[in-house]
Amino acid sequence: MEEITADQLEEIDSFFLYIHTPFCGTCHIARSFLETIEKTHKRTICYELNASLFPNFMQKYKIESVPCLFIKQDGEVREKIYTFHSIPNMYHYLFKYAPNLFISE
């Protein structure tokens, strides 16, 4: 995962954003799911954001808790996922919002 900057938050129209805090145990499990997916695809899929460092973002988008997978597409917030059940469950969102990840080259 790649740490997102404040400028990127405003400039990029479509992204998966993993929101966490450093001392959250559940966040570490959620991170492992996303890291496994990225290793499988051999590419960065998600940006990450430390919620503690971006309180304005957290308020603006009404992020209720961490971990959160914040999905923005075409400049609009599409979903905020707070429950990371399993890796296959996370793939559901990738299939829905980034089907290009699954097209053979």
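The values are calculated or read from the model by the stated rules, or taken from the named source; none is laboratory data. Keep in mind the model is a prediction, meaning the values are calculated, not measured. Glycine gets a Cβ as well: all are built from the backbone with ideal geometry, and neighbour counts include every protein chain shown.
Table for the structure above
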read-out: Leu94 vs. criteria under 16 Å from Glu2 (Cα atoms) and either modelled with pLDDT of 95 or more or surrounded by 15 or more Cβ atoms within 10 Å (Cβ to Cβ) (or both); value: no
read-out: Count of region 58-87 residues which are acidic (Asp, Glu) and surrounded by 10 or more Cβ atoms within 10 Å (Cβ to Cβ); value: 1
read-out: Residue pairs meeting the criteria (Cβ under 9 Å; at least 6 apart or on separate chains; first within 15 Å of Glu48 (Cβ to Cβ) and free of Cβ contacts under 8 Å to residues at least 12 places away in the same chain, in region 58-75; second of a type in the set (S, T, N, Q) and in a strand (DSSP E or B)); value: none
read-out: Some residue of region 42-55 being touching a Gly at 6+ places or on another chain (Cβ under 9 Å), modelled with pLDDT under 95 and surrounded by fewer than 18 Cβ atoms within 10 Å (Cβ to Cβ); value: no
read-out: Residue check for Ile71: in contact with an Asp or Glu (Cβ under 7 Å, 6 or more places away or on another chain) and at negative phi; value: yes
read-out: Every residue from region 1-37 that is under 19 Å from Phe57 (Cα atoms), free of Cβ contacts under 8 Å to residues at least 24 places away in the same chain and of a type in the set (Ser, Thr, Tyr); value: Thr5
